[in-house]
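Contents: one structure, followed by commentary.
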Amino acid sequence: MSRRIALAVGAGVVTLSGAGAFALAHAGEQTPALAHSTARYTAPDGDRDGSLVFATDVTASSGVRSVKVLAWPQKSSLAEKGLTAEDMAAAQQAVCTPSGRDTVRCTYTAEVTTADAESSPRGVWHVAVLATAQDGTTTLDTEAADFSVR
């Protein structure tokens, strides 16, 4: 094999190896992904409290560090200004359990008293989710699921 061909082949191998390493490094930095998000609101009835139950699957190749949840009414200042990750700092933590190699099933449950229900705006509400992976990458879905308060 001539020296010129050997150098060209060697350069090609180095280029392909570099591209493969970049692809692997980039794959490790994928943001958390949410799937199968649901919200169920049950209004209080008589002396029985109601509840809000939210569930979602979160997948992150580095693992999931935290999942925060915030329910917010569609007709609110949050809708006008747009919800941010900073707004989620004081949000409630969901409880997550492993459900696959890189996936956890997260659930958030909140009790809804009669006083809570009476003071809450009627209409459509959204559930916002801030998922943080072990590597620090985040995903904010401001409308992961919806429910109605009547």
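The values are calculated or read from the model by the stated rules, or taken from the named source; none is laboratory data. Everything numeric in this text was worked out from a predicted model, so none of it was measured. Note that each Cβ is placed from the backbone with ideal geometry, even for glycine, and that neighbours are counted across all protein chains shown. The protein model used for the area step is the full one, side chains on, heavy atoms only, and it has no ligands, DNA or RNA in it. Shrake-Rupley method; radii C 1.70, N 1.55, O 1.52, S 1.80 Å.
Worth a mention:
- Of the solvent-accessible surface of segment 51-137, computed with a 1.4 Å probe and all protein chains present, 52% belongs to carbon and sulfur.
- In plain terms, the bigger the Kirkwood radius, the slower the diffusion; for segment 48-117, with that radius from Cα pairs, at 4 °C and 1.567 mPa s, Stokes-Einstein puts D at 93 µm²/s.
- Accessible surface, per residue, of segment 24-150 when the full set of protein chains is kept, probe 1.4 Å, Å²: 56 Å²
- What you get for segment 61-150, charging only the Cβ of Lys and Arg (+1) and of Asp and Glu (-1), is a dipole of about 140 debye around the Cα centre.
- Percent RCO, i.e. relative contact order, over segment 70-150, from Cα pairs under 8 Å lying at least 6 residues apart: 32 percent
- Annotation: extensible slack from SER76 through ALA89 equals 2.8 nm (criterion: 0.36 nm per residue apart, minus Cα-Cα distance).
- A Förster radius of 22 Å combined with the Cβ-Cβ distance from ASP135 to ALA110 puts the calculated FRET efficiency at roughly 0.15.
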